[in-house]
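Written below as structure tokens is the structure these notes are about.
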Amino acid sequence: MLGLALVCGAWLPSAHGFTATILPGQRSLFLQVGVGTMSGSSFSSGGTPGDNPTVNSASVTVPAAQLGSGAAQLMTTDSPVTASPWDGSTFCTSPATTGQVYVGGFFRRPGVGSGGNEALLTVTTPAALTNTNGDTIPFSRIAWTSSGIGDATATIPSGTFVGGTQDLLTVNRNTWFESCLAFRYLNSEIVPAGTFTGTATFTLTAP
């Protein structure tokens, strides 16, 4: 079994593939990966984002007969999120069947000038997933497809983990963004039996 823990992190200077303009306001960042907290209502209707300590996971069990066949294996997730915190509409398809994990948030600053105009969404992973015997699988054997209901083009591009920190998206000042990521194991080599785990940490930062 391969396991991937999804952790969201945001640097807070003070406190749909979709983007929307939000009103300028107090300098703030919000990032949700999987399960999050939005109090009161959807954000576009005045809801307030909050902290949520939940760490969701994506995993797959590869049948012995398929190991190393090159047939990619879709990972499933324990995140139940399908609705967008932006407006409450269904944005991700059922995680039970597609394994999609919601990733979204915003960067807000006062004014509309050019200084400090962009935030950066990154993801950081170790070089490899490991099991209790010390066997490893390169993290680059996990990829994702990005989409969202109603989106012609996903905001966060589809890609593959590289082991280390990689840039995913620049977020303009006073912009909401979101995508649904479906993870898959590329299954390109025969590996020892065991449960391999690793953590991908998503972070939104701004100057």
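The values are calculated or read from the model by the stated rules, or taken from the named source; none is laboratory data. On a predicted model such as this, the values are computed, not experimentally measured, just so you know. Please note: Cβ atoms are built from the backbone with ideal geometry, for glycine as well, and neighbour counts cover all protein chains shown. These area figures cover heavy atoms from the full protein model, side chains too; ligands, DNA and RNA do not enter into them. Shrake-Rupley method; radii C 1.70, N 1.55, O 1.52, S 1.80 Å.
Of the residues making up the range 63-73, those that are part of a loop (DSSP other than H, G, I, E, B) and of a type in the set (A, V, I, L, M, F, W, C) number 3. Residues that are over 19 Å from Val103 (Cβ atoms), modelled with pLDDT of 95 or more and not aliphatic (A, V, I, L, M) do occur in the range 139-156, at least one of them.
If we keep just the residues of the range 121-132 that are in a loop (DSSP other than H, G, I, E, B) and modelled with pLDDT of 95 or more, which is most open to solvent (accessible area, probe 1.4 Å)?
Ala127
Being open to solvent by less than 30 Å² (accessible area, probe 1.4 Å), closer than 23 Å to Gly47 by Cα and not hydrophobic (A, V, I, L, M, F, W, C) is a property that does not hold for Pro80. Taking the conditions exactly as written (modelled with pLDDT of 95 or more and among the small types (Gly, Ala, Ser)), does Ala182 satisfy them or not? Answer is yes for this residue.
One residue stands out among those in the range 162-194 that are assigned to a strand (DSSP E or B) and small (Gly, Ala, Ser): the one that is nearest to Cys92 (Cα to Cα), which is Ser179. For Ala152, the conditions (1) within 12 Å of the chain's Cα centre (by Cα); (2) of a type in the set (A, V, I, L, M, F, W, C); (3) not in a strand (DSSP E or B) are fulfilled apart from (1). Given the criteria at pLDDT 90 or above and assigned to a strand (DSSP E or B), does Ala20 qualify? When the stated conditions are applied, Ala20 passes them. Only a single criterion out of (1) surrounded by fewer than 17 Cβ atoms within 10 Å (Cβ to Cβ); (2) over 25 Å from Ser45 (Cβ atoms) is not satisfied by Phe196, namely (1). Within the range 74-114, the residues that satisfy the criterion of being on the phi > 0 side of the Ramachandran plot and not in a strand (DSSP E or B) are Gly88, Gly99, Gly111.
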